[in-house]
Amino acid sequence: MIRLYGVARSRATRPLWVLYEADVAFEQIPVIQAYRLAEPRAAGAPLNTASPEFLAVNAQGLVPALQDGDLMMTESLAIAWYLARVYGGDLAPRTPQEEAMALQWGFVGGTAVEDAGLRITKAVTLMGYEAAMKDPAVQADVAALRRPFALIEAGLEGRDWLLGDRFTVADIMLAECVRYAQTATELLAEYPRLSDWLARAQSRPAFVKVMADRAAEPA
Ligand SMILES: N[C@@H](CCC(=O)N[C@@H](CS)C(=O)NCC(=O)O)C(=O)O
């Protein structure tokens, strides 16, 4: 049985999305982030990223982690990729060229979008949209995102999905990184194809189910 460690209020959304798309049975171990608990090391604290039992699974103390038979792995995008390859059918790339492009989009998400998007969303949550957009650090992140967003906008010309006419793990990997920047609404509006693609991806039942899982967890 596939075992996924991590709550839905974490990057575990990425493997969860693949698992729901593929309709595969799995067991979820709801490991919560230690920083979300007042006393993560106290006796009786819920299983968390600082719990010795979880550190034996992932010495970094980060979720998600995945166990599938003898395979034990970390890194949400790599886990999503693996699950798509083994269980995802058409979610997986079919040719070396599709594989190359899927990796390209995953790396764009993980290296050029995710961190800036997270910082923007944290700032918006903390200060509110108007104040955050006036903050020089946020403005720098918004400016930096214009590069990958321009690439995505160009990559989506004449196609609904990153690899063409079918939804794949490439869309999941990149959409999950772009989601972090979604609070930058005016920035996204500059990129209509990217915005439409994100809306299309996020209207899929599997994504809606992941978001329902998140909403059912304590904030
Ligand atoms: N690059 C890693 C990042 C994992 C990560 O930062 N996970 C966060 C939750 S989304 C975490 O476990 N934080 C717990 C902590 O910092 O103690 C991945 O994509 O899996």
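The values are calculated or read from the model by the stated rules, or taken from the named source; none is laboratory data. Note that the coordinates shown come from a computational prediction; the quantities given were computed from them, not determined experimentally. Here the Cβ is made from the backbone with ideal geometry for all residues, glycine too, and neighbour counts use every protein chain on show. Surface areas here come from the heavy atoms of the whole protein model, side chains and all, with no ligands, DNA or RNA. Shrake-Rupley method; radii C 1.70, N 1.55, O 1.52, S 1.80 Å.
Of all residues in segment 61-77 being open to solvent by 70 Å² or more (accessible area, probe 1.4 Å) and without any contact (Cβ under 8 Å) to a residue 12 or more places away in the chain, which is nearest to residue 2 (Cα to Cα)? Lay out the reasoning, then the answer.
Just the residues of segment 61-77 that are open to solvent by 70 Å² or more (accessible area, probe 1.4 Å), to begin with: 62, 70, 72, 75.
Filter once more, keeping what is without any contact (Cβ under 8 Å) to a residue 12 or more places away in the chain: 70, 75.
Details: 70: 10, 75: 16 Å.
The residue in question is 70.
Of the residues making up segment 11-21, one or more are open to solvent by 10 Å² or more (accessible area, probe 1.4 Å), within 12 Å of the ligand (Cβ to nearest atom) and assigned to a loop (DSSP other than H, G, I, E, B).
A single entry from 84, 80, 100 fulfils the requirement of being open to solvent by less than 10 Å² (accessible area, probe 1.4 Å), away from the ligand (no atom under 14 Å from the Cβ), at pLDDT 95 or above and assigned to a helix (DSSP H, G or I): 84.
For segment 201-216, residues that are assigned to a helix (DSSP H, G or I) and either among the charged types (D, E, K, R) or more than 13 Å from the chain's Cα centre (by Cα) (or both) total 9. Only one of the listed residues (115, 135, 90, 141) is without any contact (Cβ under 8 Å) to a residue 60 or more places away in the chain, of a type outside the set (Val, Ile, Thr) and open to solvent by 80 Å² or more (accessible area, probe 1.4 Å). That residue is 115.
Of the set (1) part of a loop (DSSP other than H, G, I, E, B); (2) closer than 18 Å to residue 180 by Cα, all apply to residue 105 but (1).
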